[in-house]
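Take a look at the structure below.
The values are calculated or read from the model by the stated rules, or taken from the named source; none is laboratory data. Quick caveat: nothing in here was measured; it's all calculated off a predicted structure. A quick note on method: Cβ atoms are made from the backbone with ideal geometry, for glycine too, and the neighbour counts reach across all protein chains shown. Surface accessibility is based on the protein's heavy atoms, side chains included, excluding ligands, DNA and RNA. Shrake-Rupley method; radii C 1.70, N 1.55, O 1.52, S 1.80 Å.
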Amino acid sequence: MNQEKENEDIIEQVVSQEYKYGFTTDIEMEMAPKGLNEDIVRFISNKKNEPEWMLEWRLKAYRHWLKMEEPDWQNFKYPKPNYQDIIYYAAPKEKKKLNSLDEVDPELLKTFEKLGISLQEQKRLTGVAVDAVFDSVSIATTFKEQLKEKGVIFCSISEAMHEHPDLVKKYIGSVVPYTDNYFAALNSAVFSDGSFVYIPKGVRCPMELSTYFRINAENTGQFERTLIVADDASYVSYLEGCTAPMRDENQLHAAVVELIAMENAEIKYSTVQNWYPGDKEGNGGIYNFVTKRGSCEGANAKISWTQVETGSAITWKYPSCILKGDHSIGEFFSVAVTNNMQVADTGTKMIHIGKHTRSRIVSKGISAGKSHNTYRGLVKVAKKADAARNYTQCDSMLIGDRCGAHTFPYIEINNKTATVEHEASTSKIGEDQIFYCNQRGIGTEEAISLIVNGFCREVLNQLPMEFAVEAQKLLAVSLEGSVG
Amino acid sequence: MLEIRNLKAEIEGKKILNGINLTVNSGEVHAIMGPNGAGKSTLSSVLAGRADYAVTEGEIMFEGKNLLEMSPEDRAREGVFLAFQYPVEIPGVSTTNFLKTAINETRKYKGLEPMEATDFLKYMREKMELMEMDKSLTSRSLNEGFSGGEKKRNEVFQMAMLEPKLAIMDETDSGLDIDALRLVSNGVNKLRNKDRSFVVITHYQRLLDYIVPDFVHVLYKGRIVKSGDASLAKELEVKGYDWIKAEVEAAQ
Ligand SMILES: Nc1ncnc2c1ncn2[C@@H]1O[C@H](COP(=O)(O)OP(=O)(O)OP(=O)(O)O)[C@@H](O)[C@H]1O
Ligand SMILES: [Mg+2]
């Protein structure tokens, strides 16, 4: 009986593990021709019957993007996508506008069922409102009525442009301007849909809001755009989950998420990301290049990002907080798991501008196979941010000895009264820990899942209950048995 | 219950066990004593199935099954329990969660349904009372930040929860204060019955005042060089190991 050999076998199994969500849905799609130019931008805008100002904004973004260069400061290499080879708009063909779930294409509903989110069930049982994005268009929004009573707006961003143009116009691009970065500019030019949330003053959103994204069509990029505005003293918790079918080619996912929290408002944004990671040789998989940023506009505002990243060939994102309001709080809780040839370069930026602002960063990176997992984080304290505080904790766990973990903390302090603490650790999953579990009757697979879940406890605790369970399962699946 | 025949084991080419013979019947308590580095912990590790040690000769039968052919987890599920000399810490995993997993994995192995959460909690409460365990320990991360004594008590608590057939206790008494020693011993005595056997590794007669063994063995240089009843431990307490070492040298 050779434990090491057995562990290697288990690694092999994991490596050959198939992506559970790799099916495609056969429904009629309406697509834009391949490639990107001003006409495509107009085409998308026109398809969505957008107001003129929106088209103008898109065109400005597009023209700006043309002048930009793709970044290359990251800690990995990837073949640059051919932007003329991507389809920028794909939508299920629908004759008429949908009024209820019953009118949705049954094939589509089946897809969601396979994903484990039956809208019907959601509607009846869970009390979670779902805005499902299938490729580029928002299909069904449940619970709208209940939310309406409270004055909460939760709809697709295209709908919001028509129904609530003032809000969209005021806030879109206010946190992530199209000039921000290459992928944000691209998104601004071609974004196809996404979710819009507005919580009025003093309202505590009565349910968790949730969006599921799924990339289905071949050669399509997904460029959704999410905008969440929490007015004074309001509260909302938003959940985002994603999956994608298996494809040999890489697909680009370049989303933008903007959060705005006014005085005393709180936004919790949770992501469980399970995009297709590619095969074990690193073919295919999603490039998850996303810009997520929140702004605490008013005093005592609070924004918390929680992410569990298990999928994608490359995950490249830094959900950030701009702490403008005095006493405002930013939090970032992250679990990033990489296996096989996956790459993650993720972290956060905490920009302290207001006085007595506080931020907390808890990052847990787990690497297995030949993967690379990088934490990159910036803590910046501006001149006037008196008594700002940051606490960063950055833990890496290695499974096997062919993977890598890297930590790049950047700290810029321009105010002497700031307190910034950084703690980092790297550990290997211990043979001792596994043997201890084995001795209590817990097999190696289960033991790893237990140890990894324990390692991520602080982050998983931040997730709403039903999501936490899902995330735990995902962790177990993506790492099954990978010990060296 | 347990039959060890001519067991030889080594690590990194270093011979540590040099032909151990030991028979433990149901309900018996065997104490194993011996100087530091004699191979006591090695014997317990080999029984539990630690892969670092290579068994080069001999066999171990447990309840008629060949223990050496079983994975560590299967040995545990069959009823072999090891209270570790140095219990490891598992951050973020509570003792409760850990034990629930352990019990349900064992039940799965035996073809039983997992225990309902409420039944489990009730069962755990009973055992905590029996072992006079402090509630706060079970909700904390397993062994993390536990004092030396708390870790040992936690091992015995786990033993009570898992109800093994054979419990191997590796220096569970080391690091316990006088009160804790009494609590742990009482706990063990409560778990003693005609179907459960114990192999108690210790350096101190004191423990054996509480847990009175049926047999005492002296392990030296990877062999059992002397066996006797409880009085042997008392003799060792007075005389130390030198006379035994001398006997062994003389015999060679
Ligand atoms: N991993 C290892 N690598 C090298 N030598 C080892 C290893 N483990 C144990 N040994 C050696 O094997 C011998 C027996 O060790 P073991 O821990 O079994 O002794 P012990 O009887 O339990 O001692 P103690 O009373 O101090 O606990 C010692 O000489 C020890 O150094
Ligand atoms: Mg020892």
Flag for B:S197 being small (G, A, S), within 23 Å of B:T42 (Cα to Cα) and in a strand (DSSP E or B): yes
Members of the range B:34-61 that are away from every other protein chain (no Cβ under 14 Å), more than 9 Å from ligand 1 (Cβ to nearest atom) and within 18 Å of B:Y220 (Cβ to Cβ): B:G58
A:K95 being modelled with pLDDT under 60, farther than 29 Å from A:G311 by Cα and not hydroxyl-bearing (S, T, Y): yes
Residue, surrounded by the most Cβ atoms within 10 Å (Cβ to Cβ), within the range A:176-203, restricted to residues that are modelled with pLDDT of 95 or more and either of a type in the set (V, I, T) or in contact with a strand residue (DSSP E or B) (Cβ under 6 Å, 6 or more places away or on another chain) (or both): A:I199
Every residue from the range A:294-321 that is open to solvent by 20 Å² or more (accessible area, probe 1.4 Å) and at pLDDT 95 or above: A:E297, A:A299, A:N300, A:K302
Residue within the range B:162-174 that is open to solvent by 10 Å² or more (accessible area, probe 1.4 Å), within 16 Å of ligand 2 (Cβ to nearest atom) and more than 14 Å from chain A (Cβ to nearest Cβ) present: yes
Residues satisfying the stated conditions in the range B:40-97, i.e. in contact with a strand residue (DSSP E or B) (Cβ under 7 Å, 6 or more places away or on another chain), within 16 Å of ligand 2 (Cβ to nearest atom), open to solvent by 30 Å² or more (accessible area, probe 1.4 Å) and of a type outside the set (D, E, K, R): B:S41, B:Y53, B:Q85
Pick from the range B:196-211, criterion away from ligand 2 (no atom under 16 Å from the Cβ) and at pLDDT 95 or above, ranking: most open to solvent (accessible area, probe 1.4 Å): B:R196
Among (1) in contact (Cβ under 8 Å) with a residue 24 or more places away in the chain; (2) farther than 30 Å from B:K234 by Cβ; (3) touching a helix residue (DSSP H, G or I) at 6+ places or on another chain (Cβ under 8 Å) - the single one B:I32 does not satisfy: (2)
Single residue of A:V452, A:V477 found to be of a type outside the set (S, T, Y), within 12 Å of chain B (Cβ to nearest Cβ) and under 24 Å from the mean Cα position of the chain (by Cα): A:V452
Boolean, A:S427 is crowded, with 22+ Cβ neighbours inside 10 Å, within 14 Å of chain B (Cβ to nearest Cβ) and among the polar types (S, T, N, Q): no
Only listed residue being at the interface with chain B (Cβ under 9 Å from one of its Cβ atoms), crowded, with 22+ Cβ neighbours inside 10 Å and charged (D, E, K, R), chosen from A:R440, A:R457: A:R440
The listed residue being farther than 14 Å from B:V29 by Cα, in a strand (DSSP E or B), in contact with a helix residue (DSSP H, G or I) (Cβ under 9 Å, 6 or more places away or on another chain) and open to solvent by less than 60 Å² (accessible area, probe 1.4 Å), out of B:V225, B:V184: B:V225
Conditions (1) more than 14 Å from every other protein chain (Cβ to nearest Cβ); (2) surrounded by 22 or more Cβ atoms within 10 Å (Cβ to Cβ); (3) part of a helix (DSSP H, G or I): number failed by B:M159: (1)
